[in-house]
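Working notes, structure below.
What follows draws every value from the coordinates through simple rules; no lab data is involved. Because the structure is a prediction, the values reported are computed rather than measured. Cβ atoms come from the backbone with ideal geometry, glycine included; neighbour counts cover every protein chain shown.
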Amino acid sequence: MGSTDEKRNLTIVSNRLPLSVKRVDGAFQSSISSGGLVTSLSGLTKSTKFQWFGWPGIEVKDPKDREEVQKSLEAHNAIPIFLDSSLAHEHYNEFSNRILWPILHYQSGVVFDETPWQAYRRVNELFADAIAETAGSGSLIWVHDYHLMLLPELLRDRLKQRGKSCAIGFSLHTPFPAGDFWRNLPVRKHLIEGMLSSDLIGFHTDEYKQNFIDTCASLLNARTEIPNQIQYKNRLVCINKFIVGIDPDKFIDTLQKPDVQERIRALKAHYKGVKVIVGVDRLDHIKGLSQKLKGFDAFLDDHPELQNKVVLIQVAVPSREDVKEYQELETELCTIAGKINGKHATPEGTPLLYMHRSVPFNELTALYSVADVCLLTSTRDGMNLVAFEYVACQEERHGVLVLSEFAGAASFMTNGSIPFHPANKTEMSEAIFNALNLDPAERKAKYEYLRGFVNTNTSAKWGETFIEKLSLRCRRPGESC
Ligand SMILES: O=P(O)(O)OC[C@H]1O[C@H](O[C@H]2O[C@H](CO)[C@@H](O)[C@H](O)[C@H]2O)[C@H](O)[C@@H](O)[C@@H]1O
Ligand SMILES: O=c1ccn([C@@H]2O[C@H](COP(=O)(O)OP(=O)(O)O)[C@@H](O)[C@H]2O)c(=O)[nH]1
């Protein structure tokens with residue numbers, strides 16, 4: 001399969017491209033897609049050349065329009081896989097986000113439905129058709145995330161039919177729960193076998209990795225006695241933890257920009273004498289936003305002496321707005337936020353700034369920079385890159401990270417943060433109070449611990465490590481992992 005020193009072609013595949021395309025007044029406009037998967041893979045572009053396949057987020061039927069969208073994405077090495085809107089809705093909203101996403105985040109009681117499952121299969125087949133057609137033999141194909149769990153198997157079959165042999169990697173950006181959470185899903189074997197057609201599978205933490213290995217042993221009777229490898233249907237699959245990260249320099253460089261410096265000065269002047277807590281989350285159940293607001297309410301109840309002296313600025317980024325449960329969550333959060341301000345506001349100000357929108361990157365870095373505390377309350381979360389980003393913007397202030405023990409990031413950041421259980425309002429209130437009153441030496445020590453972790457585990461290192469391992473699998477497929 002080609003010489004070892006040649007630069008291998010790398011194909012990245014994810015449901016979401018780095019740019020989401022929208023039709024505005026008949027013309028196509030693209031904007032940066034939200035979410036940590038895009039953040040981590042975009043951080044790769046500094047060190048790795050690759051082409052990126054994905055759904056452009058919009059239905060485009062007319063051939064001329066398709067050509068226009070393809071051209072607009074070419075500059076980002078992005079190749080759109082066009083889906084009709086009903087198929088995309090059933091695959092993305094109905095199966096991926098209403099059935100699979102809750103299960104992956106340890107939620108029971110999910111109800112399977114055949115129609116979205118067939119759409120999920122069909123979209124994975126369309127992705128496999130498109131990539132098998134263009135992939136060159138010997139190239140590396142890196143598939144991402146829960147929307148495409150069948151793709152490695154479908155791709156391997158199609159490549160074999162074309163006489164092509166490629167190394168296929170798969171990274172799951174979400175948690176992977178213990179086997180019992182999968183019992184409600186009658187198609188769970190198809191999904192796990194789909195992933196097992198990879199040569200290398202990456203997870204964010206050891207917990208998710210071990211859950212996957214144990215599930216393969218119990219559900220498929222796969223051989224898992226040798227650490228970090230699975231023998232199944234005469235194939236060897238390497239499994240490991242690969243810590244995803246960010247590009248810290250992108251935040252440090254942005255903070256130096258004159259307009260960002262000016263924005264920071266303005267925010268500091270506005271909040272003079274007030275402690276700022278920041279929250280940045282997609283509006284998603286797993287982020288524990290209702291728990292966060294209720295915990296902040298409890299904190300305000302516990303500390304009337306801090307009236308008008310503490311604010312929580314919560315950015316709730318719109319997400320999956322066509323999914324019923326996300327619409328209901330948005331309504332619930334508006335109600336809770338209104339009640340909190342109704343209860344605690346004074347003529348001098350309101351303690352909760354609830355912003356249901358995305359914010360420009362420069363504004364985000366300024367917000368991170370002026371915040372004394374970052375409060376993240378995930379009930380489960382694959383990793384949570386906001387935690388990394390906040391640290392990257394805290395060189396001056398040494399702000400404190402108050403981080404739910406259920407975020408993947410907590411597996412690595414507990415020593416540098418204040419952990420708590422998001423369902424425990426009292427514990428959250430105490431964690432917020434302790435963070436606001438930590439002495440400078442302790443804040444500095446926690447910050448330096450986290451800075452070391454974030455600066456070591458960058459998205460570039462994550463990508464290079466995974467690709468190096470996948471390339472090794474390509475060169476020596478029979479060797480142990
Ligand atoms: O694509 P969306 O439906 O808008 O959702 C945004 C992303 O959400 C999830 O992100 C996960 O990946 C992050 C990076 O590894 C991780 O830090 C975070 O904890 C996860 O929630 C989803 O897995 C991505 O596919 C989505 O793009
Ligand atoms: O208005 C915003 C605010 C934040 N983010 C980014 O969304 C990502 C959230 O990633 P995380 O891993 O924390 O959670 P996910 O959304 O992937 O579950 C981070 O890179 C944020 O910078 C965004 O895209 N738009």
- Message: Past 22 Å, Cα to Cα: identify those pairs from 275/444; 160/241; 250/275; 425/446; 241/461; 250/272, in the order given.
- Response: 160/241; 250/275; 425/446; 250/272
- Note on the structure: Counting only Cβ distances under 4.7 Å between cysteines, those in the chain with no partner are 166, 216, 334, 374, 393, 474
- Among 289, 306, 191, 367, what is the fewest-to-most ranking by other Cβ atoms within 10 Å? 306, 191, 367, 289
- Message: With +1 assigned to the C-beta of every Lys and Arg and -1 to the C-beta of every Asp and Glu, and no other charges, what is the dipole magnitude of the chain about the Cα centre in debye, to the nearest 20?
- Response: 880
- Note on the structure: With label points set 7 Å from each Cα along the Cα-to-Cβ direction at residue 437 and residue 189, the distance between them in nm comes to 5.8
- Item | Neighbour-count ranking [beta-carbon atoms within 10 angstrom, fewest first] of 84, 145 | 84, 145
- How much of the calculated P(r) for the stretch 187-290 lies past 18 Å, in percent of all Cα pairs? 67
- Note on the structure: Residues 254, 414 in order from fewest to most other beta-carbon atoms within 10 Å are 414, 254
- Query: To the nearest 10 degrees, how steeply does helix 459-475 sit against the main Cα axis of the chain, on a 0 to 90 scale?
  - Reply: 20
- Message: Nothing charged except the Cβ atoms of Lys and Arg (+1) and of Asp and Glu (-1): what's the magnitude of the dipole of the stretch 304-460 about its Cα centre? Round to the nearest 20 debye.
- Response: 80
- Query: Hey, which lysines would be in cross-link range of residue 61, C-alpha to C-alpha under 17 Å, not counting anything within fewer than 8 residues on its own chain?
  - Reply: 22, 71
- Query: Taking Rh as the Kirkwood radius computed over C-alpha pairs, what is the Stokes-Einstein D of the stretch 368-425 at 25 °C in a medium of viscosity 0.890 mPa s, expressed in µm² per second?
  - Reply: 218
- Query: residue 324: which aspartates and glutamates have alpha carbons under 18 Å from its alpha carbon, excluding same-chain residues fewer than 8 sequence positions away?
  - Reply: 90, 94, 113, 284, 332
- Task: Rounded to whole Å and ordered largest first, report the semi-axes of the equivalent ellipsoid of the stretch 11-133 derived from its Cα gyration tensor (root of 5λ).
- Result: 25, 18, 14
- Note on the structure: At 10 °C in a medium of viscosity 1.306 mPa s, the chain has a Stokes-Einstein diffusion coefficient, with Rh taken as the Kirkwood radius over alpha carbon pairs, in µm² per second, of 68
- Tell me, what are the semi-axes, in whole angstrom and largest first, of the equivalent ellipsoid of the stretch 361-462 as set by the roots of 5 times the Cα gyration tensor eigenvalues? 19, 17, 13
- Rh_Kirkwood(the stretch 265-400) over Cα pairs, Å, one decimal, evaluates to 15.4
- Extension gain (nm, one decimal) between residue 214 and residue 359, 0.36 nm per residue minus Cα-Cα: 48.1 nm
